[in-house]
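Participant: Got a structure here, written out as structure tokens. Questions coming.
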Amino acid sequence: MIAEPTITAVSVVRNGEAQLPGALRSIDAQTPRPDRILVVDGQSPDATADIAKAHPGVDYLLQPG
């Protein structure tokens, strides 16, 4: 039996407070929808982390400084 492939969307962002909500909506609208959404934050001092963590289905990863 062949396993179904999984789809992961990765968004690498720094100071993406203004753009991240739209990017996540765009990812959600994809067909097929990704099985996993990973947001990699490059130490943003703005609200990027809060936005990513509040979005359903997002795995948030903070890059080390």
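Participant: I'd like to check one number: the per residue accessible area of the chain, probe 1.4 Å, reported in Å² as a whole number.
Facilitator: Working: 4410 Å² over 65 residues.
I get 68 Å² per residue for this part.
Participant: Moving on to the next point. Leaving ligands, DNA and RNA out of it, report the carbon-plus-sulfur percent of the accessible area of the chain at a 1.4 Å probe.
Facilitator: Accessible surface attributable to carbon and sulfur in the chain totals 55 percent.
Participant: A further question on this structure: Considering Cα pairs under 8 angstrom that are at least six residues apart, work out the relative contact order of the chain and quote it in whole percent. Can you show the working numbers first?
Facilitator: Values: 99 pairs, mean separation 23.7, N = 65.
Contact order relative to length: 36 percent.
The values are calculated or read from the model by the stated rules, or taken from the named source; none is laboratory data. These numbers were taken from a predicted model, which means no experiment stands behind them. Calculation scope for accessible area: heavy atoms of the full protein, side chains included, ligands and nucleic acids excluded. Shrake-Rupley method; radii C 1.70, N 1.55, O 1.52, S 1.80 Å.
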